[in-house]
Amino acid sequence: MLYHWYEFSHAALSPARIAADSYRLMLKNPLNPFAHTAVGRSAAAAFEMFERSTRRYGKPPFGIAETMIDGQRIPVQENIVWRRNFCNLLNFKRKMPAKVKGGQSKLLLVAPMSGHYATLLRGTVADMAPRHDVYITDWQDARDVPLDEGHFDLDHYIDYLIEIFEYFGGDIHVAAVCQPSVPVLAAISIMEAEGNPNVPRSMTLLGGPVDTRLNPTVVNKLAESRGTAWFEQNVIMRVPWPARGVGRRVYPGFLQLTGFMTMNLDRHMTAHKELFRHLIEGDGDSVEKHKKFYDEYLAVMDLTAEFYLQTVESIFVRHALPRGVMTHRDRLVDPSAIKNVPLLTIEGEMDDITGVGQCSAAHDLCSGLANSNKEQYIQPGVGHYGVFNGSQFRSKIAPRISRFIDKYSQRPLKAGVIRRGSGIKSGKSD
């Protein structure tokens with residue numbers, strides 16, 4: 001009923017939200033004498049704060065129209081090259097003139113499916129586009145996927161990754177950001193064990209929860225102490241009408257956002273107080289900076305219940321992969337089978353989501369991989385977000401990833417057959 005109440009409240013507030021936005025526009029009109037008074041500016045700021053705090057933030061666009069290569073602006077076109085019910089694979093195709101020599105290695109960014117949209121990696125895509133031909137997994141909001149299109153759990157997630165790797169025929173480097181580090185590692189382990197020749201040329205894991213027993217954070221401790229049954233009872237709900245996914249069991253985005261916000265509530269409250277002050281003062285730069293961040297941060301998506309619960313159980317409660325008991329469709333996942341995919345792990349010194357050591361644990365699990373094909377790096381002074389975005393990522397981490405990719409870009413590809421299909425198509429996920 002909580003999800004239904006949330007939808008009802010949003011609909012009930014719509015007239016007030018529309019009115020507040022109208023009053024805001026009226027009070028900010030330079031032809032309105034009241035707009036130039038302290039009272040008028042304060043009232044306009046209050047109306048804007050009300051409108052922003054009661055709206056629903058939809059999926060933002062990537063909005064990457066160009067990139068800079070060799071000092072030239074190169075147009076970028078966003079294309080869907082592979083499609084399933086719960087995921088689109090996007091390519092940011094660069095329209096390269098013959099005289100411009102940009103990086104040609106293909107890079108797949110596996111975005112986290114943990115509440116926010118893949119657009120959270122907009123900065124990651126923008127920073128890697130001058131160096132590589134970038135692709136990204138664009139996960140779909142479960143509330144928008146009709147029930148008759150099947151269900152989606154961690155096993156399906158791994159299936160999707162294997163299909164994507166096979167789509168490229170092995171000519172791809174993969175970088176998993178946070179949550180997908182485990183399924184990426186599992187997918188490659190399965191492919192190597194099967195002798196599948198379409199494994200990626202290399203893999204990079206950024207801040208991934210490979211072994212959450214090491215240096216556990218508040219998030220890790222909460223998941224382990226509560227257990228899967230608690231989450232199923234308290235956070236799993238059914239999508240209400242009129243959403244396309246009506247009836248689907250999900251972990252709602254608005255509940256996830258509540259969790260995100262309460263982890264750093266004081267910081268968010270201070271940020272919104274500052275926004276109110278900047279609106280009154282007319283500090284446009286500060287206002288736009290705030291809006292840019294929170295328009296992305298407040299845009300959240302529903303996760304299917306089966307995916308969320310299986311992920312909590314396998315990764316955070318049972319620690320299945322590092323304990324050697326993780327399975328995919330009743331088959332044991334063995335990272336020691338990985339022998340042909342070089343590994344780079346990157347962690348943030350101040351990461352309070354994935355503690356230092358949790359991601360680099362992958363090196364010990366990949367015992368069949370030569371040490372010469374393993375690299376690990378800890379970026380000083382950055383938290384979880386800084387591992388894949390921001391100035392430190394741009395200046396320190398992105399070049400390191402590119403050097404690692406370039407080192408293994410010339411590995412000969414093995415001839416093989418793609419087993420699970422490729423190209424743009426849809427179909428039930430079960």
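If I ask for residues that are within 17 Å of the chain's Cα centre (by Cα) and of a type in the set (S, T, N, Q), which ones from region 163-193 would you list?
GLN179, SER181 - these are the residues of region 163-193 that are within 17 Å of the chain's Cα centre (by Cα) and of a type in the set (S, T, N, Q).
Any chance region 329-352 includes a residue that's within 30 Å of VAL246 (Cβ to Cβ) and out of contact with any Lys or Arg (no Cβ under 8 Å at 6 or more places or on another chain)? It would help to see each step written out before you state the result.
Here is the first cut: in region 329-352, the ones within 30 Å of VAL246 (Cβ to Cβ) are 329.
Add one more test, that the residue is out of contact with any Lys or Arg (no Cβ under 8 Å at 6 or more places or on another chain), and what stays is 329.
Yes, that holds for at least one residue.
Go through region 277-296 residue by residue and tally those that are surrounded by 16 or more Cβ atoms within 10 Å (Cβ to Cβ) and either closer than 16 Å to TYR251 by Cα or of a type outside the set (A, V, I, L, M) (or both).
Qualifying residue count, region 277-296: 4.
Starting from residues that are farther than 14 Å from HIS116 by Cα and modelled with pLDDT under 90, keep the ones in region 291-309 and report whichever is nearest to the chain's Cα centre (by Cα).
Of all residues in region 291-309, those farther than 14 Å from HIS116 by Cα come to 291-292, 305-307, 309.
From what's left, modelled with pLDDT under 90: 291-292.
On the way: LYS291: 20, LYS292: 17 Å.
Result: LYS292.
Considering only residues that are in a loop (DSSP other than H, G, I, E, B), of a type outside the set (Val, Ile, Thr) and surrounded by 22 or more Cβ atoms within 10 Å (Cβ to Cβ), which ones fall in region 141-160? Step through it out loud before you land on a result.
Just the residues of region 141-160 that are in a loop (DSSP other than H, G, I, E, B), to begin with: 141, 145-146, 150-153.
Filter again for of a type outside the set (Val, Ile, Thr), leaving 141, 146, 150-153.
Listed by number, the list holds a single entry, PHE152.
Let me spell it out: the conditions are (1) crowded, with 21+ Cβ neighbours inside 10 Å; (2) out of contact with any strand residue (DSSP E or B) (no Cβ under 7 Å at 6 or more places or on another chain), and SER360 meets all of them except one. Which number is the exception?
Evaluating SER360 over (1) crowded, with 21+ Cβ neighbours inside 10 Å; (2) out of contact with any strand residue (DSSP E or B) (no Cβ under 7 Å at 6 or more places or on another chain) leaves (2) as the failure.
List the helices (runs of 4 or more DSSP H) inside region 253-300, counting only whole elements, that have at least 1 residues being closer than 25 Å to THR37 by Cα. If you could, list the steps in order and put the result at the bottom.
On the way: elements: 253-263, 265-281, 284-297.
Hits in region 253-300: 265-281, 284-297.
Taking region 243-269 only, how many residues are of a type in the set (Lys, Arg) and surrounded by fewer than 13 Cβ atoms within 10 Å (Cβ to Cβ)? Step through it out loud before you land on a result.
Step one: of region 243-269, the residues of a type in the set (Lys, Arg) are 244, 248-249, 267.
Adding the requirement that they be surrounded by fewer than 13 Cβ atoms within 10 Å (Cβ to Cβ) leaves 267.
Adding up the residues that qualify gives 1.
Suppose we filter VAL218, VAL250, VAL246, VAL199 for residues that are assigned by TED's automatic domain parsing to the domain that holds LYS374 and of a type in the set (A, V, I, L, M, F, W, C); which single one remains?
VAL199 is the lone residue from the list that is assigned by TED's automatic domain parsing to the domain that holds LYS374 and of a type in the set (A, V, I, L, M, F, W, C).
Would you confirm, using the coordinates I've provided, whether GLU274 is within 26 Å of ARG55 (Cβ to Cβ), outside the structural domain of TRP139 (by TED's automatic domain parsing) and surrounded by fewer than 14 Cβ atoms within 10 Å (Cβ to Cβ)?
On the way: within 26 Å of ARG55 (Cβ to Cβ): yes; outside the structural domain of TRP139 (by TED's automatic domain parsing): yes; surrounded by fewer than 14 Cβ atoms within 10 Å (Cβ to Cβ): no.
For GLU274, the condition - within 26 Å of ARG55 (Cβ to Cβ), outside the structural domain of TRP139 (by TED's automatic domain parsing) and surrounded by fewer than 14 Cβ atoms within 10 Å (Cβ to Cβ) - is not met.
Can you find, within region 1-31, the residue that is surrounded by the most Cβ atoms within 10 Å (Cβ to Cβ) among those that are of a type in the set (A, V, I, L, M, F, W, C) and within 24 Å of VAL235 (Cβ to Cβ)? Step through it out loud before you land on a result.
Step one: filter region 1-31 for residues of a type in the set (A, V, I, L, M, F, W, C), giving 1-2, 5, 8, 11-13, 16, 18-20, 25-27, 31.
Among the residues that remain, those that are also within 24 Å of VAL235 (Cβ to Cβ) are: 1-2, 5, 8, 11-13.
Values: MET1: 9, LEU2: 12, TRP5: 10, PHE8: 12, ALA11: 10, ALA12: 10, LEU13: 16.
If we take residues in region 1-31 being of a type in the set (A, V, I, L, M, F, W, C) and within 24 Å of VAL235 (Cβ to Cβ), then LEU13 is surrounded by the most Cβ atoms within 10 Å (Cβ to Cβ).
What do you reckon, is GLU313 touching a strand residue (DSSP E or B) at 6+ places or on another chain (Cβ under 9 Å) and under 20 Å from ARG226 (Cβ atoms)? I'd like the intermediate steps shown before the answer.
Working: touching a strand residue (DSSP E or B) at 6+ places or on another chain (Cβ under 9 Å): no; under 20 Å from ARG226 (Cβ atoms): yes.
No, not satisfied.
Which residue, of PHE50, PHE92, is buried (at least 16 other Cβ atoms within 10 Å of the Cβ) and either in contact with a strand residue (DSSP E or B) (Cβ under 9 Å, 6 or more places away or on another chain) or on the phi > 0 side of the Ramachandran plot (or both)?
Result of the check over PHE50, PHE92: PHE92.
So, in region 106-128, exactly how many residues are surrounded by fewer than 23 Cβ atoms within 10 Å (Cβ to Cβ) and of a type in the set (A, V, I, L, M)?
Number satisfying all stated conditions: 2.
Residues in region 188-207: is at least one surrounded by fewer than 24 Cβ atoms within 10 Å (Cβ to Cβ), touching a residue at least 24 places away in the same chain (Cβ under 8 Å) and of a type in the set (Ser, Thr, Tyr)?
The answer is no; no qualifying residue exists.
Name the residues in region 25-42 that are at pLDDT 90 or above and within 37 Å of the chain's Cα centre (by Cα), would you?
LEU25, SER42
So which residues in region 401-411 are touching a strand residue (DSSP E or B) at 6+ places or on another chain (Cβ under 6 Å) and modelled with pLDDT of 95 or more?
First pass over region 401-411, keeping only residues touching a strand residue (DSSP E or B) at 6+ places or on another chain (Cβ under 6 Å): 401, 404-405, 408.
Passing the criteria: ILE401, PHE404, ILE405.
For residues that are aliphatic (A, V, I, L, M) and touching a Pro at 6+ places or on another chain (Cβ under 9 Å), tally how many sit in region 237-257.
Restricting attention to region 237-257, the residues satisfying the condition of being aliphatic (A, V, I, L, M) are 237, 239, 243, 246, 250, 255, 257.
Within this subset, residues satisfying the condition of being touching a Pro at 6+ places or on another chain (Cβ under 9 Å) are 237, 239, 246.
Here the count works out to 3.
Looking at (1) closer than 30 Å to THR37 by Cβ; (2) touching a residue at least 24 places away in the same chain (Cβ under 8 Å); (3) buried (at least 16 other Cβ atoms within 10 Å of the Cβ), which is the one condition that is false for MET237?
With (1) closer than 30 Å to THR37 by Cβ; (2) touching a residue at least 24 places away in the same chain (Cβ under 8 Å); (3) buried (at least 16 other Cβ atoms within 10 Å of the Cβ) applied to MET237, the lone miss is (1).
The values are calculated or read from the model by the stated rules, or taken from the named source; none is laboratory data. Worth saying up front: this structure is predicted, and the values here are computed from it rather than measured. So basically every Cβ, Gly included, is an ideal-geometry build from the backbone, and we count neighbours across all protein chains shown.
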